[in-house]
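Visitor: The structure follows.
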Amino acid sequence: MIFRRALQRELASSAGATFTVLFTVLVTWTLIAILGKAAGGKVASGDVLALIAFRGAELLPTILILTSFIAVVATVTRSYRDSEMVVWFASGQSLLGWIRPVLILGLPMVALVATLSLVVTPWAKMKSAEFVERFQKREDLKRVAPGQFRESSSSDRVFFVERSTEGATVVQNVFVNSVDGNGHAIVVAKEGVIQSDGKGGQFIVLSNGRRYQGTPGQADFQTMEFERYSMRVATQMPVLGADVPVNALSTPALLALPNRFTMSELLSRVSAPIVCLVLMLLAIPLGFVNPRAGSSANLILALLIFFTYNNLVRLVEASVKQGKVSFGMAWWPLHLAAVLVVVGLFAWRLNVNHHYHPLVLINAWKRHRLFKRQAKGKDQAATPREEAKAE
């Protein structure tokens with residue numbers, strides 16, 4: 001009982017340290033990627049922290065699965081390396097005795113992964129898509145960053161502003177290059193602002209500027225000076241959430257719309273807690289290591305198994321998405337094969353431990369010593385008898 005409590009504390013400590021490292025690395029990588037998008041004008045700079053939080057919520061199931069797997073492997077490996085497993089086996093316990101303390105930590109982890117995968121992750125993807133879509137459907141001048149060229153949402157205009165004021169609603173020194181059926185048009189103005197006509201129309205209102213129109217390579221350019229010039233940029237207000245990606249749909253919505261795309265996404269969400277449970281059980285026999293050898297090989301093998309298992313899950317999901325396999329025939333064969341591998345490793349490791357169990361070796365050594373003593377006693381008893389017969 002004392003050993004199991006110490007084992008549970010060690011598993012929790014190892015899981016906490018592993019989670020901290022993995023979460024820090026992945027959040028840092030996410031921060032770099034999102035900052036790159038913000039610098040490139042693909043997302044708003046004010047949405048960076050929210051997008052990082054949503055992305056972190058999306059990555060949590062994968063981080064928790066890998067955390068639980070590595071924590072169990074590291075704990076079992078350390079027990080072998082420090083010869084604690086010899087004490088465990090000498091006390092009459094087997095490798096199966098590790099299942100209970102591992103599941104005490106693992107079952108809440110599996111429940112958390114299931115909740116994140118089925119509820120939290122779709123919500124985070126939905127919110128992240130809304131933030132990106134809201135920025136992409138903003139008015140063109142509001143998307144422009146001072147000192148940078150930006151293409152309009154309709155891809156027929158290029159904007160450049162020197163500076164912006166009043167929360168980017170008013171911009172100074174505006175340059176607009178547009179292309180239409182009449183050729184190229186270049187508009188230069190000292191100021192620009194976004195206005196709405198109340199019917200869904202969006203206009204850029206430029207003040208104190210010039211407009212040049214013509215065809216490049218020909219001497220037919222026209223020049224016009226203006227004090228006020230309006231340019232339509234949108235005919236209706238953008239509708240957010242009109243195109244929701246499949247991976248952002250809630251789990252009840254996936255069940256209400258059964259097709260190969262929604263079933264593929266549902267398979268991905270259902271597989272996460274199963275993979276978490278199977279890998280934690282696999283880590284128990286996988287953690288064996290020779291005390292005289294290093295323990296890094298086990299962690300490398302664990303990472304290879306984790307990525308291989310996840311890639312096989314993605315392969316099955318792709319088969320469902322392509323319509324090659326139905327959901328009912330796709331969700332269980334891979335996990336059943338993984339469970340059989342776990343059972344096989346347990347059986348093999350229990351067989352090896354039985355043959356090389358410390359108690360077995362000690363009893364064999366005692367029997368060998370007793371046999372030698374008995375043989376020696378018989379030889380000593382036979383010697384006087386032989387001498388008597390010889391006389």
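None of the figures in this text is laboratory data; all of them are computed from the coordinates on show. The model shown is predicted, which means the values in this text are computed figures rather than measured ones. Please note: Cβ atoms are built from the backbone with ideal geometry, for glycine as well, and neighbour counts cover all protein chains shown.
Visitor: Starting from the Cα of F149, step 7 Å along the direction of its Cβ; do the same at L336; then give the gap between the two resulting points in nm.
Guide: Taking the two extended label points, one gets 6.0 nm.
Visitor: When only C-alpha pairs under 8 Å and at least 6 residues apart count, what is the relative contact order of the range 251-344, in percent?
Guide: 42 percent
Visitor: Further, regarding this structure: Give me the number: length gained by fully extending V27 to Q8, i.e. 0.36 nm times residue separation minus the C-alpha to C-alpha distance, one decimal in nm.
Guide: 4.1 nm
Visitor: Holding the Cα-Cα limit at 21 Å, pick out from K37/K321; K42/K127; K125/K321; K37/K125; K42/K125 the pairs that are longer than that.
Guide: K37/K321
Visitor: Okay, next question. Using 0.36 nm per residue of separation minus the Cα-Cα distance, give me the extension gain between W348 and V86 in nm, one decimal.
Guide: Gain on stretching W348 to V86: 92.6 nm.
Visitor: Could you pull out every residue, at least 5 positions away or on a different chain, whose amide H is within less than 5 Å of the one on V174? Hs are placed 1.01 Å off N in the peptide plane, and Pro or chain starts have none.
Guide: Here the answer is A189, K190, E191, since their amide H atoms fall under 5 Å of that of V174.
Visitor: If I take R0 = 45 Å and measure r between the Cβ atoms of Q218 and R314 in this structure, what FRET efficiency does the formula 1/(1 + (r/R0)^6) give, to the nearest 0.05?
Guide: Approximately 0.25, to the nearest 0.05.
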